[in-house]
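Asker: My structure is below; once you've seen it, I'll send some questions.
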Amino acid sequence: MRTKLLLTLSSIAFVATSAPAIAQNSDEARLDEIIVTAQRREENLQDVPVSVAALGGETLAAVSSAGADIRALSGRVPSLNIESSFGRTFPRFYIRGLGNTDFDLNASQPVSLVYDDVVLENPILKGFPVFDLDRVEVLRGPQGTLFGRNTPAGIVKFDTTKPTSKSNYLKASWGSFNTINAETGVGGELGSGISARLSVLYQRRDDWVDNIDEPGENNLEGFEDIAARLQLQADVSDAFTVRLVGQIRDFDGSARLFRANAFAKGSNKLIGLAGPTSEFRRDQVRADGLNFQKLRNYNVGMTAEYDAGPVTITSVSSYWNGNLYSRGDIDGGYGNVFAPTMGPGVIPFSAQSQDNVPSLDQFTQELRVASNNGGNLGYQFGLFYLNEKLDIESLDFGAPADTAPAAIATQRQVSTAWGLFGSLSYEFENGVKLQGGVRYNDDQRKMVAARPVDTRPAFLNFGGPVPAISTEVSDSVLTWDLAANYPLNDDVNIFARVAKGYRAPSIQARLAFGRTPSVAQSETTMSYESGIKSTLADGKLRFNLTGFYFKTDDLQLTAVGGASNFTTLLNAKQVDGYGFEAELEAKPVQGLTLSAGLSYNHNEIKDPNAFVAGCGADCTVTSPQRTGSPGIYSINGNQLPQSPRWIANWTAGYGMPVADGEAYVFTDWAYRSKVQFFLYNSVEFSDDMMLEGGLRIGYRTQKFDVAAFARNITDDTSAVSGIDFNNLTAMVNEPRVFGVEASIKF
């Protein structure tokens, strides 16, 4: 099957690069300059001494079609992986292998998501939909000097289209499973210095997975997702601007589908419901219990800018609120060894649970002062503050159809963080630019956790109710970065950067299946990178290459599930990583556009005293067992989970003039190599590779665009994660979707 996928890929790529050229609204075959705000200023990507990738244009439009969520960005730039065990509402990000597999609703991640200069800390905020964007940037390596908090791995950064833009559009698509994706962005000047923009996204899909143990057909995996953004901007004077924003999201759909015993024992091959010899079908499960997921987010914010001449003073204030209710069949099957029937395969016991966020409140305030680049010296400094109040409920049910929980565990977490930061740069007459930054971080977190209700049978050994337990952590750390950019000539820059990153201490107290909270102390990362950024062939070719090395001390890890079925935080003494990122864009002739990206990431846990529980399921663990401790395994020497060695992506677009417009074809592909799903290595809980591609064929003018498209065109079926405490449970990637789309600009 993998060979067939590669052959299909080769054929489509060949067709795409052999077709007539796509016009790019330019009379010359030259690449457009890419503007990024990786350093809180608008700069040419080629001049920024940071490993940064920008995603936009046809690629962003293509991957966002067919009702896709933020996970569609995974692998679209080098060193970026995204996955989730909550589906569309809780993405987990990994950059250069650094991430967090923790599924808990207060999980701390080393990758920050920044939405219009606001860091979104909680996982249920990070899945906010991608629509009406000006740019997407991925900043690799520690970025805590200028952005948010907890950014030792990097940042995924979204900048929305602003109210002053006259880029109005309406587009809608329909595809397989009655998938609808419709969005619009309308804005512009209203008069008297007032501008506004309204952006709306609507996505839906019918239930398309048949739970064959339930009446009827196709009763899972449907959803309806609505998001909207209203921005108002007032140019109070030539020097003073205020922008107000309000955003909302309303999601209603299925929880993540877990598939019991989907791995064949002794391999990571996906198998069907009838056992090892049956064919895996993505559109079928056999599960019991209730399944639903509901998420609500809203946001209000204000950005004010005052141009004081030598400097610009910026204030960014933002409040986010959210709640989530999610219940699923965690064992992924029906019945158990205590029931008359069970399956698929052996289900040791039923696991029906629900995780809720009744209330989440996040307030952030940032105030910064930045020079207006009037000379060789540039600087910016500021203050950042975050306050988060989070309530979590974890419910465990005695039977699949129960609506009253047998156990209720609660958590109340209050987090505060503040930072003082500054950055200074100087450009010499020969073009050499040196810059450095420093940030003082102060973080405090308090959690009160309890299990007030527990009526489960005594043989389960959970020990009944647990009284309130209070746990506090805090730390203060100085982080910094130094960078240099040296122009070899007008078209080639070389750069180097060293940075210290930091992640604040974390608490985990999911007491539904345990009695003791766990704590991970702060981690620190030293990152070193250097590279070359070049624009060649008279502007027809852009090639950037970065090599990096990092060392993280006391890396925060999460032992998820296992035989103990408990989420436990731990610190690994050290993790080393190294690799490279290469990106190429080319416009060899008028209209023809090509791009490619490739990354290699090698990392290794270095801690001979780091051990975790292996799977409770009947899997084949390949990590060494601790002497005298059956079921406990060393993770020393392992690659981090969800960390592929290789990530590659490539696109090709071409078209030909027809009448007043052009016919075009565009194809995009993303590949990742083998990943392990847990800290220990096993045969079953892994996936050898994933290769997903898209194809778009259409006709467009300056105003209209009509196209047919396909996502995951080869119907690659890959496991993306697993659950290991009960049976060989898998989660899989999104299905193939065919569809049509029409859009209009006005």
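The values are calculated or read from the model by the stated rules, or taken from the named source; none is laboratory data. Owing to the predicted nature of the structure, the values given are computational and were not obtained by experimental measurement. Using ideal geometry, Cβ is built from the backbone for each residue, glycine included, and neighbour counts are taken over all protein chains shown. For accessibility, only protein heavy atoms count, side chains too; no ligands or nucleic acids. Shrake-Rupley method; radii C 1.70, N 1.55, O 1.52, S 1.80 Å.
Asker: If Asp159 satisfies every condition in (1) under 27 Å from Thr184 (Cα atoms); (2) part of a strand (DSSP E or B); (3) in contact with a Gly (Cβ under 8 Å, 6 or more places away or on another chain); (4) not β-branched (Val, Ile, Thr) but one, which is the exception?
Answerer: Looking at each condition in turn, Asp159 falls short on (3).
Asker: Just for region 523-534: of the residues that are without any contact (Cβ under 8 Å) to a residue 60 or more places away in the chain and among the hydroxyl-bearing types (Ser, Thr, Tyr), which one is most open to solvent (accessible area, probe 1.4 Å)?
Answerer: The first filter runs over region 523-534 and keeps only residues without any contact (Cβ under 8 Å) to a residue 60 or more places away in the chain, leaving 526, 528, 530, 532.
Remaining after also requiring among the hydroxyl-bearing types (Ser, Thr, Tyr): 528, 530.
On the way: Tyr528: 103, Ser530: 61 Å².
Among them, the one singled out is Tyr528.
Asker: Further question on the same structure: Name the residues in region 342-360 that are open to solvent by less than 40 Å² (accessible area, probe 1.4 Å), in a strand (DSSP E or B) and under 30 Å from Gly322 (Cβ atoms), would you? Can you show your working first?
Answerer: Step one: filter region 342-360 for residues open to solvent by less than 40 Å² (accessible area, probe 1.4 Å), giving 343-344, 347, 350-357, 359-360.
This time we only want the ones that are in a strand (DSSP E or B), so: 343, 352-357, 359-360.
Once the filter is applied, which keeps residues that are open to solvent by less than 40 Å² (accessible area, probe 1.4 Å), in a strand (DSSP E or B) and under 30 Å from Gly322 (Cβ atoms), region 342-360 yields Gln352, Ser353, Gln354, Asp355, Asn356, Val357, Ser359, Leu360.
Asker: Checking the condition of a type outside the set (D, E, K, R), surrounded by fewer than 20 Cβ atoms within 10 Å (Cβ to Cβ) and closer than 26 Å to Arg41 by Cβ, which residue from Gly154, Gly144, Gly148, Gly188 passes? Write out each step before concluding.
Answerer: Values: Gly154 fails: surrounded by fewer than 20 Cβ atoms within 10 Å (Cβ to Cβ); Gly144 fails: surrounded by fewer than 20 Cβ atoms within 10 Å (Cβ to Cβ); Gly148 fails: surrounded by fewer than 20 Cβ atoms within 10 Å (Cβ to Cβ).
Of Gly154, Gly144, Gly148, Gly188, the one residue that is of a type outside the set (D, E, K, R), surrounded by fewer than 20 Cβ atoms within 10 Å (Cβ to Cβ) and closer than 26 Å to Arg41 by Cβ is Gly188.
Asker: Among the numbered criteria (1) at pLDDT below 95; (2) open to solvent by less than 10 Å² (accessible area, probe 1.4 Å); (3) small (Gly, Ala, Ser), which single criterion is violated by Gly694?
Answerer: (1)
So that you can scan it fast, the table gives a plain yes or no per residue for (1) under 13 Å from the mean Cα position of the chain (by Cα); (2) crowded, with 23+ Cβ neighbours inside 10 Å; (3) assigned to a helix (DSSP H, G or I); (4) of a type in the set (A, V, I, L, M):
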| position | (1), (2), (3), (4) |
| --- | --- |
| Arg41 | no, no, no, no |
| Val77 | yes, yes, no, yes |
| Ser85 | yes, no, no, no |
| Tyr94 | yes, yes, no, no |
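Asker: Next up: Output the strands (runs of 3 or more DSSP E) that fall wholly within region 656-746 and possess 1 or more residues being in contact with a Lys or Arg (Cβ under 7 Å, 6 or more places away or on another chain) and closer than 19 Å to Arg645 by Cβ, or say none. Step through it out loud before you land on a result.
Answerer: On the way: elements: 661-672, 690-700, 704-711, 719-723, 729-732, 737-745.
Once the strands (runs of 3 or more DSSP E) in region 656-746 are filtered for at least 1 residues that are in contact with a Lys or Arg (Cβ under 7 Å, 6 or more places away or on another chain) and closer than 19 Å to Arg645 by Cβ, what remains is 661-672, 690-700.
Asker: Suppose the filter is open to solvent by less than 10 Å² (accessible area, probe 1.4 Å) and in contact (Cβ under 8 Å) with a residue 12 or more places away in the chain; does Val575 pass it? Reasoning before the result, please.
Answerer: Values: open to solvent by less than 10 Å² (accessible area, probe 1.4 Å): yes; in contact (Cβ under 8 Å) with a residue 12 or more places away in the chain: yes.
Considered against the rule, which asks whether it is open to solvent by less than 10 Å² (accessible area, probe 1.4 Å) and in contact (Cβ under 8 Å) with a residue 12 or more places away in the chain, Val575 comes out as yes.
Asker: Hey, another quick one. Kindly evaluate Ala719 against the criterion of being touching a strand residue (DSSP E or B) at 6+ places or on another chain (Cβ under 8 Å), in contact (Cβ under 8 Å) with a residue 40 or more places away in the chain and open to solvent by less than 10 Å² (accessible area, probe 1.4 Å). Show your work before the answer.
Answerer: Values: touching a strand residue (DSSP E or B) at 6+ places or on another chain (Cβ under 8 Å): yes; in contact (Cβ under 8 Å) with a residue 40 or more places away in the chain: yes; open to solvent by less than 10 Å² (accessible area, probe 1.4 Å): yes.
Against the criterion (touching a strand residue (DSSP E or B) at 6+ places or on another chain (Cβ under 8 Å), in contact (Cβ under 8 Å) with a residue 40 or more places away in the chain and open to solvent by less than 10 Å² (accessible area, probe 1.4 Å)), Ala719 qualifies.
Asker: Okay, moving on. Across region 280-301, what is the total count of residues that are modelled with pLDDT of 95 or more, farther than 20 Å from Phe177 by Cβ and of a type outside the set (Phe, Trp, Tyr)?
Answerer: Selection size over region 280-301: 7.
Asker: All but one of (1) under 30 Å from Pro465 (Cα atoms); (2) part of a loop (DSSP other than H, G, I, E, B); (3) open to solvent by 20 Å² or more (accessible area, probe 1.4 Å) hold for Lys389; which doesn't?
Answerer: Of (1) under 30 Å from Pro465 (Cα atoms); (2) part of a loop (DSSP other than H, G, I, E, B); (3) open to solvent by 20 Å² or more (accessible area, probe 1.4 Å), only one is false for Lys389: (2).
Asker: Name the single residue that is surrounded by the most Cβ atoms within 10 Å (Cβ to Cβ) among those in region 585-606 being in contact (Cβ under 8 Å) with a residue 40 or more places away in the chain and assigned to a loop (DSSP other than H, G, I, E, B).
Answerer: Applying the first criterion (in contact (Cβ under 8 Å) with a residue 40 or more places away in the chain) to region 585-606 yields 585-603, 605.
Filter once more, so that each one left must be assigned to a loop (DSSP other than H, G, I, E, B): 587-592.
Details: Lys587: 25, Pro588: 14, Val589: 10, Gln590: 14, Gly591: 21, Leu592: 21.
Here the residue is Lys587.
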